[in-house]
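Written below as structure tokens is the structure these notes are about.
The values are calculated or read from the model by the stated rules, or taken from the named source; none is laboratory data. Computed from a predicted model, the values in this text were never measured in an experiment. All Cβ positions, glycine included, derive from the backbone under ideal geometry; neighbour counts span all protein chains shown.
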Amino acid sequence: MLSVRPKIKELVFQLYGRVLHPELFEIHESRTISRGDYEATVQITSAGHVVKWRYKGLTLTEVATSAHQPLPQKRRLISYRLKGERSDSLECRGGVSYQMGFQLEPVDPELFWTFQDELCRDGERRGMLHRFDSSGRIALGALSYINVETRSRSLLVQAFHTFPDDYAIVKSQSLFELA
């Protein structure tokens, strides 16, 4: 199965107050983490990532995906086109807070390939890494790298998604935190 990324202009970043069906996504890597009173599942998908975070009956699901992906409207809490730079936060019941920030950064080709090479090396040592097939225009495919830091009261997710056809990098950081 070919594993190529969608175009940058098609990307969205969303947060839901519910579980999304896993069948909605083509999942390449997955990791489940239990720490303190919360549990999280972090997944690299064909278009970006999905983070499902649960704490005492509360579920938050963060999605970086294609705008063409058919996702529900119900209980969508945050939705942005993935362009430029953006940050937001949300206070939830039970003293739970969510903070996010993302940046779409076009870079010159030399810097792009250096950054992608560094991600590759980091991914071999820690975190989650997936290498995508080439789109055909550029010999090397895209990468997704996710680093997760856990504490008993918080989960920090740093995601990097590269787009070789556009020489662009999407960087996001999300913090799920208990009071």
* Structure fact -> So, first residue farther than 15 Å from GLN173 by Cβ in segment 82-109, second residue modelled with pLDDT under 95 and among the charged types (D, E, K, R), Cβ within less than 7 Å, six or more apart or across chains; the pairs are GLY94/LYS56; PRO106/ASP166
* **Filtered residues of segment 137-179 (kept if of a type in the set (D, E, K, R), in contact with a helix residue (DSSP H, G or I) (Cβ under 6 Å, 6 or more places away or on another chain) and not in a loop (DSSP other than H, G, I, E, B))** => ASP166
* Structure fact -> For GLY57, the lone unmet condition from (1) farther than 26 Å from ARG126 by Cα; (2) surrounded by 14 or more Cβ atoms within 10 Å (Cβ to Cβ); (3) of a type outside the set (Val, Ile, Thr) is (2)
* To do: Identify the single condition in (1) of a type outside the set (Ser, Thr, Tyr); (2) buried (at least 16 other Cβ atoms within 10 Å of the Cβ); (3) more than 20 Å from ALA179 (Cα to Cα) that LEU24 does not satisfy, given that it satisfies every other one.
  => (2)
* Asked: Of the conditions (1) touching a residue at least 40 places away in the same chain (Cβ under 8 Å); (2) in contact with a strand residue (DSSP E or B) (Cβ under 6 Å, 6 or more places away or on another chain); (3) surrounded by fewer than 16 Cβ atoms within 10 Å (Cβ to Cβ), GLY36 fails just one. Which one is it?
  -> (2)
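Across segment 92-124, which residue is surrounded by the most Cβ atoms within 10 Å (Cβ to Cβ) among those that are among the hydroxyl-bearing types (Ser, Thr, Tyr) and part of a strand (DSSP E or B)?
Here the residue is TYR98.
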* Please specify each residue of segment 137-166 satisfying the condition of being touching a residue at least 60 places away in the same chain (Cβ under 8 Å), of a type in the set (Ser, Thr, Tyr) and surrounded by fewer than 18 Cβ atoms within 10 Å (Cβ to Cβ). => THR150, SER152
* From SER79, SER89, SER134, grab the single residue that is at pLDDT below 90, among the polar types (S, T, N, Q) and either out of contact with any Asp or Glu (no Cβ under 7 Å at 6 or more places or on another chain) or in a loop (DSSP other than H, G, I, E, B) (or both). => SER134
* Asked: Before we move on, is ARG35 over 20 Å from HIS130 (Cα atoms) and not hydrophobic (A, V, I, L, M, F, W, C)?
  -> yes
